[in-house]
Each structure stands twice: as structure tokens, then as C-alpha cells.
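The values are calculated or read from the model by the stated rules, or taken from the named source; none is laboratory data. Every value quoted in this text rests on a predicted model; they were computed, and no experiment measured them. Every residue, glycine as well, gets a Cβ built from its backbone with ideal geometry; the counts of neighbours run over all protein chains shown. To get the accessible areas, we keep the full protein, side chains included, count just its heavy atoms, and leave off ligands, DNA and RNA. Shrake-Rupley method; radii C 1.70, N 1.55, O 1.52, S 1.80 Å.
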Amino acid sequence: MLPVSQKKNRSNYGTLDRNRNLTIPPPAKKKMKEERQPLLVEGGGEISESAPPAAAQLDANSGSNVAIAISASDADPTPPVGGKANKAVGTPGSDYNPLLNRDLEHPTSNLDTMIHLLKGNIGTGILAMPDAFRNAGLVVGTVGTLLMGIICTHCMHMLVSCSHELCIRHQIPALGFADVADHAFRSGPNRLRNLASYARKIVNTFLVITQLGFCCVYFVFVAANLHEVIKHYYMNISVPWLLFILLVPMVLLNWVKNLKYLTPVSLVAALLTGTGIVISFMYMLQGLPRTSSVNAFASWHQLPLYFGTAIYAFEGIGVVLPLENNMKTPQDFGGLAGVLNTTMVIVACLYTAVGFFGYLKYGDRAVLGSITLYLPQRDLLAQLVRLMMALAIFLSYCLQFYVPMSIIWPPIKRRINDESYQKVAELSLRTFLVCLTFLLAVAVPNLSAVISLVGAVSSSMLALIFPPIIEMVTFWDKGLSPALIAKDCFILIFGICGFIFGTYVSMYNIGTK
């Protein structure tokens, strides 16, 4: 439905934009085409016409657990109210609707968005769910995973709602995660406005920590699965040596800077991951014992490890805003039967099923952090699954790696004037970050412990702690109801407790092993 002001003036305009139902005069439309800037640009970088198109970024970043550091306004974090910074797409006035002012060259359909969201939530975390259930028990794991899915989905809705509100206030068509935090504090209570830049930096910092943590998990996952295959057929090469062998090809793969070239890599990785999970399910469902053979409730001191692994698996909040920003019909993203809820119901059911049947099948043996490591050694199909998953995760590393590079590199690039030095510096930074994840993986080769630690430290901050804070700061001037404050405080306390206890127990386990 168009605003009344737009309906009244419809006859004075020349053409109707079919994608947005927004009437635009021919001269303005031409100007919009010339001045158009990509909505989704690299975090921390300046907006430029040479930036990769939004759709290309989403296609290339469709690997598992990709939290894309997108900023729509990093070049100017405080655009003036009235839309001057976005006059090509903005519509001054109180009836400004950001959903009608997104000029996308390649918008995604509802199905495309659902597929990307599935890929963004399903990765190595789902393979670790049997270990999570071992630390919680069959009953607590089942109820807890579903409850975790509900809370994480609600936090995603909160983030989208805050983004829409802030877009309307500042006449901006779209915002990224760090932008939402920045604008929320900048327009929040007076005593918090000076913290806006810190909020942006903290969100970006945890995005970097999260993604580099995923890269560490990927390193260990690939080495652990290759170790099982090589040990059975050839010789027993230790995991640290395999990590060292993987280092050089991993560095070379991550020298690829253009996301367009990574799209085929993402497609191959998605196909291999899907095939591997299906075959793993086939093995899990064979010869299941009685439910009485496993614990219904685990001890209290194991619950923080369950929390870390479960929240790691549910970490898809980083892709929510980029996907919603790039939709052809963003109004279909929310709602009871919208794209987000439909996708997250599928994700929660998959996680619960893998955790339930994996723990029921393997019991207390489920301590290795991936169901692929429990498959029978002598079965050729099982060995092929390990190889497929190892290759899929190896190829997905570069997609995870894109996020920290897109945040860290732009500020460094601005300090280097010589273009030839820029190329050397960028390759050096890429090599350094890959080597950093390699060293961390060598230091902690325990896959289960790394997953739990990454989930507790960084995933809980992004998925559970930041969203309720941003919501309360965003809507403080509209009167926060006691129910909303109680709900946000509950989620915030839940996230902080999981962060503290999960980090402590994970670090303790790493130190004692």
C-alpha cells in the first residue's frame, strides 16, 4: 500500500517501478541509475562504485555460518536526517519507507533468501550436536535446543525491527549489524550517544573474533577427518602435521580477493555438505538402541559446554540483515509464516534431530565434535563422507575468512597511498590471519573444545547479548513496556551467564586436556 502522499501525486509522474510499486519521474529515475550505490559494502570500507554487487556478495557468502560484516553507511556513520546522504533513493518526510527505497540490481526471491539463510545456519555446528546432547542429556538437550532456536530467532526479529526503525529515522534504505548498533546509540539516551562509535567497534570486533574462531574450527575439522581416512588406509599422521600440510594450500586459496570467483566454490561446498549430512543420517538411524541407554539429564557442570556448542550451531544472526536488505519482497521476511520463521523452524528441527539420534546412537562416545568421526572405519562410504565433508569445509574457509578481511583491511588500506604497496600489504595481512588461525588450531586441536569456546565467547555476544541491548536503546523514547524490559533482560542475563560460565568451563577443559 502506497502512502497517501504518493497516491495523490501519482498522476504527475512518468513511470512505475514494478519491483517496488514506487512511482518515479523519468529524470529522477535516470539520476538514480547514475548515482546508485551498493547497499551492501565491505564493513569499514568506503562506498565505491567498484564494490561487488550485493547479490554477488550474498551468493559467494552462502557458506555455512557466514556472518557478513556489511555496512551501508560506514563512510558516513551519521548521515543527516532528511536523507541528504541518500538523496538518490531517499524520500524526505515522515512517511519514508526503507523497504520501498532500496534500489537493488539483483534482488533475491523468497526462496533464494531461504536457501541462503539455511546455508548461513547449517555448517560444522550441526555435526557437533551429538556432543552437545551428551553434555545436556537427551531430555534437556531436546527441550534446550528447541528453546535456544526460539530465542535466537526472536533476537533475529529484534535486530530486523531495530534496523527498520533506524532506517526510517535517518532516511536510509538499509543498515548492517554494526550500523544498527551505531545508529541505535547515536539516537538513544543522551548519556549513551558518546558510546555510538564504541558500539560499532565492539560489534565489528566480535564479528572478527567469531569468524576467525570459525576458521580455527574449520582447520581442526578438516585435519581431524583427513587423519581418520589416512590412518585407516596409509599411515598414522598426527593432526598437527596435517594442519601444517594444509597451511600452504589454505593460504593460496585465501589470496583470492574477488567474491565472484568464490561462488562456484560455495556451490560445490554446499552440495558436498548436504550429501555428507544425508549419508551421516543414514548411518545414525541404523540400529538405534533404546532411549534408556543414554542419560536423560546430564550433570550441572556440563551444561555450559552444551550452551557453547548449541549457540555456536545457531549462529546465523550475522547474515540476517544482509539477506533481508537484498530481498525483492522484504515484507515477506518477517511475520508468523515469513521466510525467517520458516527457515529457523527447519534449522531447529534439523539440529534437534541430529543431536537426538546422534547421542542415542553413539552415547558417551560422542566426544569428538563431529558425527563424521564416529562412522565405521571399514566402510568405504563412511570414508567418502569424511573426505566430502573435509573438502566442503576446506572450501568454505575462504568464505568465512572474507568477513574479518572486510573489516580489518579497509582502515589499513586508507593509510597506504601507493597501490603496489597496497597489494603487498593485503596479501601479507591475508597470510598473517590464516597463519594465526593455523597456530590457534595447533594449540587447541580438540574440535569439541574449540567449538564450545567459540560459541560461548563470541556467538553468545552476537546472538543473545547485543540484540536486546540494541532494542532497548532503539525504542527508549517510545516508552518501553514492563513486559518488553523483562523479556530483554531475561535474554540478556541468559546470554551473559552462558558467556561467563561457557567460557570458563571451555577454557578449563582445554587447560586440563
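Taking the criterion of being farther than 18 Å from V278 by Cα and either among the small types (G, A, S) or in contact with a strand residue (DSSP E or B) (Cβ under 9 Å, 6 or more places away or on another chain) (or both), would at least one residue in region 345-366 satisfy it? First the steps, then the outcome.
Going through region 345-366, the residues farther than 18 Å from V278 by Cα turn out to be 345, 363-366.
Filter again for either among the small types (G, A, S) or in contact with a strand residue (DSSP E or B) (Cβ under 9 Å, 6 or more places away or on another chain) (or both), leaving 363, 366.
Yes: one or more hits.
So the check is Cβ under 9 Å with 6+ separation or different chains; which pairs have a first residue in region 158-171 that's under 17 Å from F466 (Cβ atoms) and a second one that's part of a helix (DSSP H, G or I) and among the aromatic types (F, W, Y)?
Pairs found: L159/F177; L159/F466; S163/F177.
Would you mention how many residues in region 443-457 are surrounded by 24 or more Cβ atoms within 10 Å (Cβ to Cβ) and in contact with a Pro (Cβ under 9 Å, 6 or more places away or on another chain)?
Of the residues in region 443-457, 2 are surrounded by 24 or more Cβ atoms within 10 Å (Cβ to Cβ) and in contact with a Pro (Cβ under 9 Å, 6 or more places away or on another chain).
Taking the condition of being under 27 Å from S428 (Cβ atoms), open to solvent by 30 Å² or more (accessible area, probe 1.4 Å) and not in a helix (DSSP H, G or I), how many residues in region 211-266 meet it?
Residues meeting the conditions: 4.
Which of the residues belonging to region 178-210 are crowded, with 24+ Cβ neighbours inside 10 Å and either more than 18 Å from the chain's Cα centre (by Cα) or of a type in the set (S, T, N, Q) (or both)? Talk me through it step by step, then tell me what you get.
Narrowing region 178-210 to residues crowded, with 24+ Cβ neighbours inside 10 Å: 178-184, 200, 203-204, 207, 210.
Within region 178-210, D182, H183, A184, N204, T210 qualify.
List the number of the failed condition for S161; all other conditions in (1) in contact with a His (Cβ under 9 Å, 6 or more places away or on another chain); (2) open to solvent by 30 Å² or more (accessible area, probe 1.4 Å) hold.
If we test S161 against (1) in contact with a His (Cβ under 9 Å, 6 or more places away or on another chain); (2) open to solvent by 30 Å² or more (accessible area, probe 1.4 Å), just (1) comes out false.
Being more than 28 Å from P189 (Cα to Cα), in contact with a helix residue (DSSP H, G or I) (Cβ under 7 Å, 6 or more places away or on another chain) and of a type in the set (S, T, N, Q) is the filter; apply it to region 458-513 and report the residue that is least open to solvent (accessible area, probe 1.4 Å).
S506
Are any residues in region 282-329 over 30 Å from F206 (Cα atoms) and of a type in the set (A, V, I, L, M), and if so, which ones?
M282, M284, L285, L288, V294, A296, A298
Looking at D131, D95, D112, which one is open to solvent by 10 Å² or more (accessible area, probe 1.4 Å) and closer than 29 Å to F394 by Cα? Break it down into steps so the answer makes sense when it comes.
Working: D131 fails: open to solvent by 10 Å² or more (accessible area, probe 1.4 Å); D95 fails: closer than 29 Å to F394 by Cα.
Going through D131, D95, D112 in turn, just one is open to solvent by 10 Å² or more (accessible area, probe 1.4 Å) and closer than 29 Å to F394 by Cα: D112.
Kindly provide the set of residues from region 171-210 that are of a type in the set (D, E, K, R), touching a Pro at 6+ places or on another chain (Cβ under 8 Å) and within 24 Å of L453 (Cα to Cα), ordered by number. It would help to see each step written out before you state the result.
The initial filter retains those residues of region 171-210 that are of a type in the set (D, E, K, R), namely 179, 182, 186, 191, 193, 200-201.
If we keep only those that are touching a Pro at 6+ places or on another chain (Cβ under 8 Å) as well, we get 179, 182, 186, 200.
Selection gives R200 alone.
Tally the residues that are among the β-branched types (V, I, T) and in a loop (DSSP other than H, G, I, E, B), restricting the search to region 90-142. Talk me through it step by step, then tell me what you get.
Within region 90-142, the subset among the β-branched types (V, I, T) is 91, 108, 113, 115, 122, 124, 126, 139-140, 142.
Subset that is in a loop (DSSP other than H, G, I, E, B): 91, 122.
Residues meeting the conditions: 2.
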